[in-house]
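Reviewing the structure listed below.
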Amino acid sequence: MSTTTKFESPRRRLSDQQAETVAKLTSAALEVLRDKGHSRLTVREVAKSARVAPATAYTYFSSKEHLVVEVFWRRLGELPESEGEGGSAADRAVLVLRQVALLVADEPELASATTASLLGPDAEVDHLRAQVGIEIRRRLMRALEGSDQDIRTVETLEMIYSGALLRAGMGYSTYEEMADSIEFAARKILE
């Protein structure tokens, strides 16, 4: 197995049947999270809920953290791209940050599980964490196209976003409050 293949997200290079199995597992993970919470989520419990053998589930997901981050990654992939036109660069960047910040706001179990899981040491989580960061950066860069903002500004927005997510994940604020705080900080930097 090549290094590249080893670290790819399970949704790549899958047959239709394998993709269906992964979709069943990620869907079941959400059900288990909602019903039992993050502390009682296990790959075995998810496999049972999805009616998949535990060994099969472990071929796709190395840990519960890997499974949770994959659920978040898929949610991010389903998030519609904000239009690159209209409004100022600050308006467009704030829209990107707000959309991502509120991605799991209505699902507190998924939100807290995602925060905890993204901090995990699992190599598969490392890969997906990088993919999440790359995707958010890509969206921010697209939003800021044509402005005089540089990569340091994007990195600063990323720090604001990740710090705010951590605060919300720790229960210091709601995701809605966090989105407002991110907007305030981003506008201070961009305007």
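The values are calculated or read from the model by the stated rules, or taken from the named source; none is laboratory data. Quantities reported herein were computed from a predicted structural model and do not represent experimental measurements. Virtual Cβ from ideal backbone geometry, glycine too; neighbours counted across all protein chains shown. SASA here: full protein model, heavy atoms, side chains in, ligands and nucleic acids out. Shrake-Rupley method; radii C 1.70, N 1.55, O 1.52, S 1.80 Å.
Table for the structure above
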read-out: Cα extents of the chain along the three principal axes, largest first (Å); value: 53, 37, 28
read-out: Net charge of Cβ neighbours under 14 Å - reference Ser173; Lys, Arg +1; Asp, Glu -1; value: -3
read-out: Label-point separation, Arg167 to Arg51 (7 Å along Cα→Cβ), nm; value: 4.6 nm
read-out: Magnitude of the charge dipole, the chain, Cβ model with Lys/Arg +1 and Asp/Glu -1, debye to 20; value: 740 debye
read-out: Shape call, the range 87-191: gyration tensor on alpha carbons, a/c limit 1.5; value: oblate
read-out: Accessible area expressed per residue, the range 42-191, with surrounding protein chains retained (probe 1.4 Å, Å²); value: 50 Å²
read-out: Cα-based radius of gyration of the range 8-61 once divided by 2.2 N^0.38 Å, which approximates compact folds; value: 1.08
read-out: Accessible-area composition of the chain, carbon plus sulfur, in percent [1.4 Å probe]; value: 51 percent
read-out: Highest-MSF residue in the chain out of Asp16, Asp126, Asp91 [GNM, Cα springs under 10 Å]; value: Asp16
read-out: Three-way shape label, the range 103-154, alpha-carbon gyration tensor, a/c 1.5; value: oblate
read-out: Spin-label proximity, Arg44 to the range 60-79 - amide N less than 20 Å from point 7 Å beyond Cα toward beta carbon; value: 60-68
read-out: P(r) tail fraction, the range 32-134 - alpha-carbon pairs more than 19 Å apart, %; value: 49 percent
read-out: Lys pairs under 29 Å by Cα in the chain, provided they are eight or more residues apart or on distinct chains; value: 9
read-out: Mean separation of Cα contacts under 8 Å (6+ apart) over length of the chain, as relative contact order %; value: 24 percent
